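Read-outs throughout are calculated quantities, based only on the coordinates presented, and are distinct from any laboratory measurement. Remember, it's a predicted structure, so these values are computed and weren't measured experimentally. Cβ: placed from backbone, ideal geometry, glycine included. Neighbour counts: every protein chain shown.
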Amino acid sequence: MPPLWRHDTLLATDKADRLLDCLEHELDWQQPRLTLFGREHPIPRRQVWMGDREARYRYSGHDFVPEPWHPEVARLAERIAHALHTFGEVPRFNSVLLNRYASGAERMGWHSDDEPELGQEPLIAAVSLGSERPLRFRWRDRRAPAFNVSLPHGSLLVMGPGVQRQLQHALLPRTGHDIRISLTFRHIIVRH
Ligand SMILES: O=C(O)CCC(=O)C(=O)O
Ligand SMILES: [Mn+2]
């Protein structure tokens, strides 16, 4: 698996349109509050955490109990597993974080998806729907310039081995953008 791999047309436009509409209206989008430098703020986007019941996850200091799989999202997870088959063994995605950005003002700050529940070398598969916005990457040690990866409607971006360890990513605010939904599929190590 290459570190970053993009498939621009995982979903044809009409399928991506239908999925965007379905997720926008059928999910119970949440806007949790997070504490940053001692002050509470609502996150600048909405989200739904979904997956197997035992795939619990701590994210920015909060414990998330996943919503049950929406059938369309479960189908998409299978579709991704199929697209990744050429690379050999693919983890079973047992959870997904869905992010909904109503406009270009909504965003996600710099981070790596490196929570211990994701294991040493996580493989994260991100599907983008709606307004095309770049995901910006920067090296943790600043050894090379930051760069953008463009995420078209219906595309898949896989962040493979080394990406979370060496890079951070962010969805920066931009003027003139419409709704965008991303689905970041993950494999959480379940501890009993
Ligand atoms: O919306 C995006 O493409 C980025 C989402 C992301 O980084 C995440 O869910 O961890
Ligand atoms: Mn991320």
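So what is the relative contact order of the chain, in percent, for Cα pairs below 8 Å that sit 6 or more residues apart?
It rounds to 31 percent for the chain.
Please order Val190, Val158 by the number of other Cβ within 10 Å, starting at the fewest.
The fewest-first ordering by Cβ neighbours comes to Val190, Val158.
Taking other Cβ within 10 Å of each residue's Cβ, how do His192, His85, His70 sort, fewest first?
Going from sparsest to densest Cβ surroundings: His192, His85, His70.
Over region 114-186, what is the relative contact order in percent, taking alpha-carbon pairs closer than 8 angstrom and at least six residues apart?
Taking the mean separation of contacting Cα pairs over the length of region 114-186, I get 46 percent.
Sort all Cα-Cα distances of region 1-146 into consecutive 5 angstrom bins from zero, then give the percent of pairs in each bin up to the one containing the longest distance.
Over region 1-146, the share of Cα pairs per 5 Å bin runs 2, 7, 15, 20, 22, 20, 10, 4, 1, 0 percent.
Going by C-beta contacts inside 10 Å, put Leu4, Leu20 in order with the fewest on the left.
Leu4, Leu20
Go ahead and estimate [θ] at 222 nm for the chain from helices alone: -39,500 (n - 2.57) per DSSP H run with n ≥ 4, summed, over the residue count, rounded to 500.
Mean residue ellipticity at 222 nm (helix-derived): -5000 deg cm²/dmol.
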